[in-house]
Structures are given as C-alpha cells and as structure tokens.
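To start, the structure under review is shown below, and the notes come after it.
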Amino acid sequence: MNYRSDSKYIHGRQASSYHGSLSVPIFQTSTFSFPEGEEGARRFAGETDGYIYSRLGNPTVQALEDRIAAVEGGEKGLAFASGMAAISAVLTALTKTGDHILCTNGIYGCTYGLLQLMEEKYQITSSFCEMRTAEQLRLMIQPNTSCLFIETPINPTMRIIDLEMVVKVAKEQGIPVVVDNTFSSPYLQQPLMLGCDIVVHSATKYLCGHGDVVGGLAVGKEEFMKNLAATVQKDIGGIMAPFDAWLLLRGMKTLPVRMERHSENAEKIMKKLKEHPAVNAVYYPGDENHPERKIIQKQMKSGGGVISFSIKGDIRAVMGFINQLKLIRIAVSLGDAETLIQHPATMTHSLIPKLERDKMGIDESLIRLSIGLENWEDIWEDLLQALHILDA
Ligand SMILES: *Cc1c(COP(=O)(O)O)cnc(C)c1O
C-alpha cells in the first residue's frame, strides 16, 4: 500500500485485525499472558513476535509508532511519555561521556536544560552554531562531535536552517543529524526524506492538535531505533500510555487539514501585524520577505502556525498587551485549535541565561503567537483591540 501522503495520516494497519474496528482499540493492559511457558521464553529470547509487558510494547502504542514512521517516511517510530522523554532518549543513545553535541543557535528551553545536565553529570559538552553556511558548520564540528541537533524553524525566532546543507556536511564526517520537527510537523517538512537520520517530536503540539496529551515521538532507521527501544527506552522507561497513543492516532488523522488552516490563518495575521504601527518586527516562515525564503521554499510546504513578533515597548507594555486579550489565551504550548500567546523571555526561555538568550535573538519585546483554527478575523480583532492600548 503506497498511499499518497495525506492518506497515510488516516490509514495504517488493517482494521480487520481488530474485528473490523474503525479506530484502533485501546489495549489498556500492563501485561500480556503467554499461552504456555515455552512461548514466554521464546518472546523474551526474541525468537517470536508477541507482546510481553507494556513498557516493552503495546498494540495501541505500536499502531501510533507505525503511523508516525509512515508519515515521516522513516523505518521505525517509537513513542515516549513526552517530547523531552523522546529527545533525552535519543541523545542518551547517541552519546557517551566526553562526547560533544552541536546544536542550532536556538533550541527549546528544556532541551537546553537537558544539555546542561548532560554536561554537569556526564561531561557531554554542547555548543551552538548559527549554521548559515557549510564553512561555518565545518568549523564548529569537533573531533568528539557525536551528533548534530537541529531545530528549524528555530523557536521562537523562526530562523530557518538549510537541512540539505547540514546533511551534506554531516555525511562528510559520518555524524548523525537529529531534527526536532515539532514546529513544522511531518505535513510541512520531512527531514528524513532530506537525508537526516532521526526526527523527534513533541507530539503534544501539532500532532495531537487538541491540547489534551503530553507525548513524544522519534523516528529513524530500524536498527538504531530497535536498539534504542531495547536499551534506553526499556531501562529508563519514559513510555507512552495506550490511551495517549489512541488520542494521538485520533488527532493525527486531521493533521493535514489542520495544518492548511493554521498556515492560512497565520499568513493573514502576519500581514496585518506587519502593517500595524505598534509592531516592530514580525518573524514568520510564510513571509515572502523572510531572510531564508529560498530555503523555506525548498524544504517546507508552507509557513505553519507560529508567528513571533516584537512590539514597541518594554516588558510592562508586553504584559499590558497580552493581559488585554480576550479570545487569545495566555499559555505556552502550540499547535492547538485555540490561539495561544506567550512571552519567551519570561516563560519558555526564562531558564536560558540572558546573555545566551540575547545571542539567540530573544529580547524582552518578543512575543510568540500560536495561531489556532478560529476564524482569522476573530483572532485579528482580538489582537487589534489589545494593540490599541500600546498607542494610548
Ligand atoms: C514542546 C516542545 C518540546 C518538548 O516537548 P514536551 O512534549 O513538552 O516534553 C520540544 N521541542 C519543541 C520544539 C517543543 O515545542
């Protein structure tokens, strides 16, 4: 079955294997009984397939793992308790004491925290690189660099990294490339198809789409992922619950239509924001004046649902503005049906030291907006009435 890409979000394993059930059943069980002792022994020895215990595998969770692998165009997917559980499992699997991780200049706040923890406890160092050119990237790679960790678009500045360029340099040196694809979702960007090695997701965001699950996913080559499942995932144990997997299977069915609407709404709001006198700058991958426009056209289907912008004013003006919003909710997270707004410097990126934050381009006037699925005019009217207080 080689369906077109949007159909793959809906159709996975044959329903006939579950008595024709249209939705994948929730196998709410911790363990699986063996028909006889010898079969238990064979399953533990890996001689036969079959479930043993839900930390090692569960049919509902596996259906989701198969689904994400299909839509990312990868060999094997794995599900985790959160995006951070997926990221920490992948980075643990790829590194040992004394190694180095090279990241984009701007990563998710807790990923930054994880890298600090890895350095303090295991002497695994990390550094940050703008990755504008191949030369710049080559200069930053060290003899002990064991992986590249990429976010694109970068949260919350919306700068874009050229994945083809990164893959080319990484392949020269045999270094695996990990991409956090949370912001784009596989519908807008498929890093594995461009030669990257592993994709990680906070499934909490667009893949879920309804703000009711915290979950993580990772996709990569069969051998690497199998090994990860049998070691880090099994023994550290940050697995996904069957019910959460079921909610994610449900959410992902509508990802293509949701992403189209998020992008359409965001493009309209971006244009309005750019025209408003109280707005200093707008950062959005769907902007035709975006500095990395050419790369965006090459690797993304559209601009997605996240816009960052800065307003003319200090932190008190920012707080005054967001407090004035009615429809738009003040909350971190993104990718939900509801439009959400947050202030990176005091919220998602507050744990990153100010000096580092400044280097990443996150100043106190920057605001991140996750455009929802509402009618775009209602979103704009809300922003407009709140922007008025800045004129006063
Ligand atoms: C939210 C997020 C994460 C962390 O995911 P959780 O599901 O909250 O653990 C990682 N990366 C990015 C880009 C995110 O937005």
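Where a number appears in this text, it was derived from the coordinates with a stated rule and is not lab data. Everything quoted here is computed from the prediction, not taken from an experiment. Counting neighbours? That spans all protein chains shown, and the Cβs are built from the backbone with ideal geometry, glycine included.
Candidate cross-link partners of Lys274 among the lysines, defined by an alpha-carbon separation under 16 Å and a same-chain spacing of 8 or more, comprise Lys312.
For Glu275 and Gln116, what does the FRET efficiency come to when R0 = 35 Å and r is the distance between their Cβ atoms, rounded to the nearest 0.05?
Numbers: r = 41 Å, r/R0 = 1.16.
Given R0 = 35 Å and the Cβ-Cβ separation, E is 0.30.
With a cut-off of 17 Å on the backbone N, no residue of the range 371-392 is near the modelled label site 7 Å out from Asp363 along Cα-Cβ.
Springs between Cα atoms under 10 Å define the GNM used for the chain, and in it the highest mean-square fluctuation of Glu39, Glu364, Glu264 occurs at Glu39.
Per the Cauchy relation, a quarter of the hull surface: what is the mean projected area of the convex hull of the alpha carbons in the chain, in nm²? Walk me through the numbers on the way to the answer.
Working: hull surface 80.7 nm².
Directional mean of the projected Cα hull area for the chain stands at 20.2 nm².
Straight-line cross-link reach from Lys168 at under 20 Å between alpha-carbon atoms covers these lysines, not counting any fewer than eight positions away in the same chain: Lys221, Lys294, Lys298. Counting other Cβ atoms within 10 Å as a rough exposure proxy, the listed residues Asp66, Asp49, Asp180, Asp287 run Asp49, Asp66, Asp287, Asp180 from fewest neighbours to most. Sort the range 196-236 into rounded, prolate or oblate with this rule: let a ≥ b ≥ c be the square roots of the eigenvalues of the Cα gyration tensor; rounded if a/c is under 1.5, and if a/c is not under 1.5, prolate when a/b is larger than b/c, oblate otherwise. Since a/c reaches 1.5 but b/c is at least a/b, the shape of the range 196-236 is classed as oblate. Full extension of the chain between Leu351 and Thr231 gives 40.2 nm of extra length, using 0.36 nm per residue less the Cα-Cα distance.
Are there trypsin sites (Lys or Arg not before Pro) in the range 1-76 that DSSP puts in a loop and that have at most 11 other Cβ atoms within 10 Å, and which ones? Before the final figure, lay out the partial values.
Numbers: sites: Arg4, Lys8, Arg13, Arg42, Arg43, Arg55, Arg67, Lys76; in loops: Arg4, Arg13, Arg55.
Filter output for the range 1-76: Arg4.
Mean sequence separation of contacting Cα pairs (under 8 Å, at least six apart), scaled by the length of the chain, corresponds to a relative contact order of 17 percent. The residues packed around Leu207, meaning those with a beta-carbon under 15 Å from its beta-carbon, carry a net charge of -2 if Lys and Arg are +1 and Asp and Glu are -1.
Report the local net charge at Ala229: Lys and Arg +1, Asp and Glu -1, summed over other residues whose C-beta lies under 13 Å from its C-beta. Before the final figure, lay out the partial values.
Working: positive: Arg55, Lys76, Lys221, Lys226, Lys234; negative: Glu65, Glu75, Glu222, Glu223, Asp235.
Net charge around Ala229: 0.
Under the combined filter of DSSP loop state and at most 16 neighbouring Cβ atoms within 10 Å, the range 96-141 retains these GluC sites (Glu not before Pro): Glu130. Please list log₁₀ I(q)/I(0) at q = 0.15, 0.22 Å⁻¹ for the range 255-391, using the Debye equation with identical point scatterers on the alpha-carbon positions. Log-scaled intensity ratios, in q order: -0.72, -1.47. The modelled label-to-label distance between Thr31 and Gln136, using points 7 Å beyond Cα along the C-beta direction, is 5.5 nm. Amide H contacts for Ser350 (H built 1.01 Å from N in the peptide plane; partners 5 or more residues away or on another chain; cut-off under 5 Å): none found. Approximating the spin labels as points 7 Å out from Cα along Cα→Cβ, the Arg250-to-Lys96 distance works out to 4.5 nm. Rounded if a/c is under 1.5, else prolate if a/b beats b/c, else oblate: with a ≥ b ≥ c from the C-alpha gyration tensor eigenvalues square-rooted, which is the range 1-104? It comes out oblate by the Cα gyration axes.
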